[in-house]
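Data first, discussion second: the structure below is written as structure tokens.
The values are calculated or read from the model by the stated rules, or taken from the named source; none is laboratory data. All of these numbers come straight from a predicted model, not from anything done at the bench. Backbone-built Cβ (ideal geometry, glycine too); neighbour counts: all protein chains shown. For accessibility, only protein heavy atoms count, side chains too; no ligands or nucleic acids. Shrake-Rupley method; radii C 1.70, N 1.55, O 1.52, S 1.80 Å.
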Protein chains: 2
Amino acid sequence: MNIEQVWKDLEKDLAGVEQCLSQNLQSSAPLISEVGFHMLSGGGKRIRPLLLLLSAKACGYRGARHHLLGSIVEYIHTASLLHDDVIDEASIRRGQASANRVFGNQASILVGDFLYSKALYLAVREQNQEIMDVLSDATTVMSEGEVMQLASIGNLDLTEGEYLTVVTNKTAVLISAACHLGAILADAPSSHKQALVQFGLDVGIAFQLIDDALDYAAQEGKLGKKVGKDLMEGKVTLPIVHLLRHSEAAEKSRIQRIFENGTPDAEDATFVLDCIDKYDSMDYTLKQARSYVQTAKQHLDPIEGSPAKDALFAVSDYISRRER
Amino acid sequence: MNIEQVWKDLEKDLAGVEQCLSQNLQSSAPLISEVGFHMLSGGGKRIRPLLLLLSAKACGYRGARHHLLGSIVEYIHTASLLHDDVIDEASIRRGQASANRVFGNQASILVGDFLYSKALYLAVREQNQEIMDVLSDATTVMSEGEVMQLASIGNLDLTEGEYLTVVTNKTAVLISAACHLGAILADAPSSHKQALVQFGLDVGIAFQLIDDALDYAAQEGKLGKKVGKDLMEGKVTLPIVHLLRHSEAAEKSRIQRIFENGTPDAEDATFVLDCIDKYDSMDYTLKQARSYVQTAKQHLDPIEGSPAKDALFAVSDYISRRER
């Protein structure tokens, strides 16, 4: 099964998620719907709702709450994107103008707060303690991960272990929660829940590793190689951690200077990208991601084979192979 | 009973709240504790925990969860202050440097997100559906109120009714939730819960009205009268709504120009303050606040007399009489 087949098979369910997403944006403050629709119509791939729907199905779920729950995890994800874009002073998100550029930082912060609150409000109305435990834990850990990432900006002593903790917290825990919620909806046995929690964590880590690797995919700019946003923002990700572990002293100290100065020019960018090339640091990162996806799949062993399980495999393959 | 007596009588309980506040700031991200302690040691008056403690006591509560719940509402309030200060580009909060000035906007946004999440995380662990209903409703309405306020900046057509909706949502609903949670803890009858909900709403509106009135208390600056932050930020509050209702056409259009230009100088400030004086717009706002406090007290009629009820009266008097 490939990802296109998955999108097709789940067309109706994904439409159900979309309906919940727009329905719950209605508010007495029209700015909320405006910013919300801008974000939600921006071509997001709905990976989290997709994993939730498939996890529920893989555990035999036949009910009707999965659309709403899918929209809840997407709201939380969207809220974090709104705040991230303010923090990173982003001007582009998925090829279109970012919400902070269109509506301003103030609206992005406040509508992000609204989406967080609304997500938890909707979840609370499900009256299911286990769902609330998972969601409130995930959002807390996520926000800790975001703070850790902020604190690690420019920290070239960051170890691979510390990097993985940040990635797990800021990205993987919500993806894992999405899978977990599917299993909870289906009232799956604890072994199935645990299988999906672990699957989600490893897929989530892989997802972020691919993102971080692709950020160093060389793009030819007018004045030489163009550098991705992580280097511009001083974010230390796995390609850099790996590079610093292998580069020579002179290279290391030049990279250090580039991070300290904060605004790498085309020459700096070319230097860093050449080093990443020389030490295969991007390949290393991609290889790690693929290995996480392999482990993720193995976690699903306790779950019986089904089209939904095949689809979970297809989604994880898609994540590990995507090119942007 | 006066407010000093209330602080004294509740000393132990307030210390219990403080303990919960610091305890739950522990995190693997040290920046969270730093920003958190900066905010929580900044001399906040803990009005919301105080009202929660007293509401619980007025309904006969004898348990031990009120400290934690008090800290939860204070976390939510603190999170909103962190985001407000970023939005208003504030540099001072309660006489000391604001968190955004000390730690930056990024840390303020993310630690605000953490405090929101942590508050709901702690509340979820209480395993009480009614508590979660109240809290998740309050945070959602609060964030809508904040968005409404942002959308109303510079809107000189704002009516008193629209202004009151913003104030109710952004401020009064959380204060009301604090009172409600006290009654829920005490397992109070529905009539007592409703009494405290209404009390909290009216006290909360009064609280914000006083804030908005005092913002126009004339302060002598070096170059004439100094203007408060609301006018600087273009926030249309009740003194301005009242003023525009009564001023002459020429005054109205000058006020309009001042709001449109955005950065009032000393002459503009003096003009606005003189108008507010001429039409008693600050007095009107203060009088409205006191009338809300009177109504608030009447809502408590169904609740038997007790030292805690007297203390609730004392807190509401304190709110309506405070001078900064």
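When a 1.4 Å probe is rolled over the protein heavy atoms, the share of accessible surface on chain A that falls to carbon and sulfur comes to 48 percent.
Taking amide H atoms as placed 1.01 Å from N in the peptide plane, the amide H of residue A:234 has no partner under 5 Å among residues 5 or more positions away or on other chains.
The residues A:317, A:283, sorted by heavy-atom accessible surface at 1.4 Å with ligands and nucleic acids left out, run A:283, A:317 from largest to smallest.
Rounded to two decimals, the Cα-based Rg/Rh of segment A:3-321, with Kirkwood Rh, is 0.98. As a test question: what accessible area, to the nearest 10 Å², does residue B:282 have when a 1.4 Å probe is rolled over all protein chains in place? Its accessible surface works out to 40 Å², give or take rounding.
Got a sec? Which residues in segment A:125-158 would a label at residue B:33 touch, if it sits 7 Å along Cα→Cβ and we count backbone N under 20 Å? Correct set: A:140-153. Around the Cα centre of segment A:3-321, unit charges on the Cβ atoms of Lys, Arg, Asp and Glu (plus for the first two, minus for the last two) sum to a dipole of about 700 debye.
Annotation: lysines with alpha-carbon distance below 16 angstrom to residue A:297 (same-chain offsets under eight excluded): A:193, A:287, A:309. The mean number of partner chain beta-carbon atoms within 10 angstrom of a residue's beta-carbon across peptide A:121-131 is 4. When nucleic acids and ligands are ignored and a 1.4 Å probe is applied, residue B:91 ends up with an accessible area of around 50 Å².
D by Stokes-Einstein for segment A:177-324, Kirkwood Rh over Cα pairs, 4 °C, 1.567 mPa s: 76 µm²/s. Shown are B:270, B:78, B:263, whose ranking by accessible area with a 1.4 Å probe and every protein chain present, most to least, is B:263, B:270, B:78. When shorter helices are ignored and each DSSP H run of at least 4 residues is given -39500 (n - 2.57), the per-residue value for chain A at 222 nm works out to -23000 deg cm²/dmol.
Remark: segment A:215-324 carries a charge dipole of roughly 100 debye about the Cα centre, counting +1 on each Lys and Arg Cβ and -1 on each Asp and Glu Cβ.
Projection of the Cα convex hull of segment A:120-240, averaged over all directions and equal to a quarter of that hull's surface, yields 9.1 nm².
Structure remark: mean-square fluctuation, Gaussian network model of chain B, C-alpha springs under 10 Å; the largest value among B:180, B:192, B:38 belongs to B:38. Distances between copies of residue B:217, taken at a point 7 Å out from Cα along the Cα→Cβ vector and listed shortest first: 6.0 nm.
Residue B:232 sits with roughly 90 Å² accessible to a 1.4 Å probe, with DNA, RNA and ligands left out of the calculation. Relative contact order, whole percent, for chain B stands at 21, derived from Cα pairs under 8 Å and 6 or more residues apart.
Note on segment A:109-191: Rg/Rh from C-alpha atoms, Kirkwood Rh, equals 1.06. Using θ = phi - 60° in the Karplus curve 6.51 cos²θ - 1.76 cosθ + 1.60, the 3J(HN,Hα) couplings for segment A:56-64 round to 4, 5, 4, 9, x, 5, 10, x, 10 Hz; x is entered for Gly and Pro.
Per-residue mean of foreign Cβ neighbours for A:101-112 is 5 (Cβ atoms of other chains, 10 Å radius).
Measuring how big the protein assembly as shown is from its alpha-carbon positions, Rg and Dmax come out at 26.6, 79 Å. Each residue of segment A:262-278 is assigned a 3J(HN,Hα), and the resulting list reads x, 10, x, 8, 4, 5, 4, 4, 4, 4, 4, 5, 5, 4, 4, 5, 4 Hz, derived from the Karplus form 6.51 cos²θ - 1.76 cosθ + 1.60 (θ = phi - 60°), x at Gly and Pro. Which FRET efficiency, nearest 0.05, do residue B:283 and residue A:295 yield, Cβ-Cβ r, R0 51 Å? Efficiency at R0 = 51 Å is approximately 0.15.
For the protein assembly as shown, the solvent-accessible area works out to 40 Å² per residue, with a probe of 1.4 Å and every protein chain left in place. Residue by residue, segment A:297-308 carries 3J(HN,Hα) couplings of 4, 4, 4, 7, 3, x, 8, 4, x, 6, x, 5 Hz when phi is fed to the Karplus relation 6.51 cos²θ - 1.76 cosθ + 1.60 (θ = phi - 60°); x denotes Gly or Pro.
Selection among A:61, A:98, A:236 by position relative to the dipole of chain A gives A:61 as farthest towards the positive end (Cβ unit charges, Cα centre).
Remark: mean inter-chain Cβ contacts per residue of A:31-44 equal 1, using a 10 Å Cβ-Cβ cutoff to other protein chain atoms.
Quick check on my link table: of B:8/B:118; A:118/B:118; B:8/B:57, which ones sit more than 18 Å apart, alpha carbon to alpha carbon? Flagged as over cut-off: B:8/B:118.
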